[in-house]
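The values are calculated or read from the model by the stated rules, or taken from the named source; none is laboratory data. Source: prediction; values computed, not measured. Neighbour counts are summed over all protein chains in view; Cβ atoms, including those assigned to glycine, are modelled from backbone coordinates with ideal geometry.
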Amino acid sequence: MHKTLAIAAVAGLASAAAAQSFTYSAAGPALVISGSPEIIDLTAFGSPTGTFTGFSVDVDWSNDFFAFSNEARVAFGDGSQLISGSVAANNGGASTASVPALNFTGEFAAGTLGSYNPITDVTSQTVVTNEIDPAAFAGFDLIASQVFDGSSADWNSIIVTLNNDAPVNTVTGGETGPADFGYVDNGDIGTIPLGFSQSVVTTTPDIVNWVTFTHDGGFLRINTNNSEAFDTELILFDAAGDLVEADDDGSVQFRKSQLLFADLPAGDYALATGEFDIFTNGAAFGVGSDDFGGGGGEGINLNFFIPTPGSAAMLGLAGLAAARRRR
C-alpha cells in the first residue's frame, strides 16, 4: 500500500524573455515499491505556462526493504504514454544507505521516439522534439520506481523543477537500426528443437541482445547456466511486444537467470538478454540497460529445454515453485 502523498506548487515562472523554469514540491513520504511505481499527477498542484525541454528531480531517499539508491528511477508521462526516458540518479550508489539529496536530471521528448520490433526486424522513428508544453497534456505525471522486484524505498521531500535549458532537437522521420536503441539482434532460431542452446556475447556496455523463436506450446525452460557473464538477466515478450516474464537470479546457479513455463502458449516470442542491469520500460518490446555489469565481451549461454513427450509428465510442477532470488 502506498503512503499518502501531498504536493504543492512553490515557485513560479520567469519572464518570457528569460529562461523559463517552474518548480513543484512534494511532501512525502511516498513508499515506492518495485513493480508498483508511484504515479504523481502534477497537474493538480500547479499550472506552468510555456514550453520546457528538461527536468530536475530531488528527493530524500532511504531504504525500506532491500533497495539500493542506484535502483531508483524517475520518468514523466502525459497521462497515457511516457514523454521521457527512465532516468537513474546522478549520485545513486550500490548501497542501502540513506541519501538526503538524490538528484535526477534529463530531457523530455514529445511524440514517439521510435521503436524496434525484433519479431519483424522493423525499426521506425517519427517526428521527435524534446520541447513540451505541460498545459497541452491531459495529465502530467512524475513516475517514481525501484527497478528490482520485491524492493521498496521511502522517497521524501520530492522537488520537481522544469526548465528549458537544453537545445530543441527535432528529427523528422527516417529509418533507424537496432544499434540506435542499444540493441544487437542475434537472429531467429525458428522453432526450438529439443535441447537447443545458443551463445550470445555482450560485446559493449549498454547492449541488450535479442533472440527470436517460435514455440509449439507447452513446457519450456530457458536459463543462462554456465555463462561466462557473471550476472545475467532474461526478459521475454510475445509477438505483440507485451511482457511475458522477466528474471534476474532465478536459476539454481549463482546470479544466473531462468524462465520456467508449464504451458507457454504456442506462438512467436522475442527474448532479450544482457548483463545486470537490463529492465523493461513499459513500451512494446521496451528494454533499456544501465550496464552495471560492465559488458566487455562476456558470453551468455541461452539454454532452451523442451522435454520429450514421454518425460513431460514426470517433470511435474515442482520447479515452478522455486523462489525467484534477487541479487
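Residues Ala101, Ala75, Ala26: which one is assigned to a strand (DSSP E or B), under 14 Å from Ile143 (Cβ atoms) and more than 22 Å from the chain's Cα centre (by Cα)?
Testing whether each residue is assigned to a strand (DSSP E or B), under 14 Å from Ile143 (Cβ atoms) and more than 22 Å from the chain's Cα centre (by Cα) leaves just Ala26.
Name the residue that is nearest to Ala283 (Cα to Cα), counting only residues in segment 78-103 that are among the β-branched types (Val, Ile, Thr) and surrounded by fewer than 18 Cβ atoms within 10 Å (Cβ to Cβ).
Restricting to residues being among the β-branched types (Val, Ile, Thr) and surrounded by fewer than 18 Cβ atoms within 10 Å (Cβ to Cβ), the top hit is Val87.
What's the number of the only condition in (1) of a type in the set (D, E, K, R); (2) under 13 Å from Arg221 (Cβ atoms); (3) at pLDDT below 75 that Arg324 fails to meet?
(2) is the only condition that Arg324 fails.
Which residues, taken from segment 38-72, are of a type in the set (Ser, Thr, Tyr), closer than 19 Å to Glu131 by Cβ and not in a loop (DSSP other than H, G, I, E, B)?
Thr43, Ser56
Let's see how each residue does on (1) closer than 20 Å to Gly150 by Cβ; (2) modelled with pLDDT under 90; (3) assigned to a loop (DSSP other than H, G, I, E, B):
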site: Gly195; (1), (2), (3): no, yes, yes
site: Asp206; (1), (2), (3): no, yes, yes
site: Thr212; (1), (2), (3): no, no, no
site: Val244; (1), (2), (3): yes, no, no
site: Ser251; (1), (2), (3): yes, no, yes
site: Lys256; (1), (2), (3): yes, no, yes
site: Leu259; (1), (2), (3): yes, no, no
site: Asp263; (1), (2), (3): no, no, no
site: Ser311; (1), (2), (3): no, yes, no
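Which residue is nearest to Ser34 (Cα to Cα), if the candidates are limited to segment 210-254 and must be among the polar types (S, T, N, Q) and surrounded by fewer than 16 Cβ atoms within 10 Å (Cβ to Cβ)?
Filtering first and then ranking leaves Gln253.
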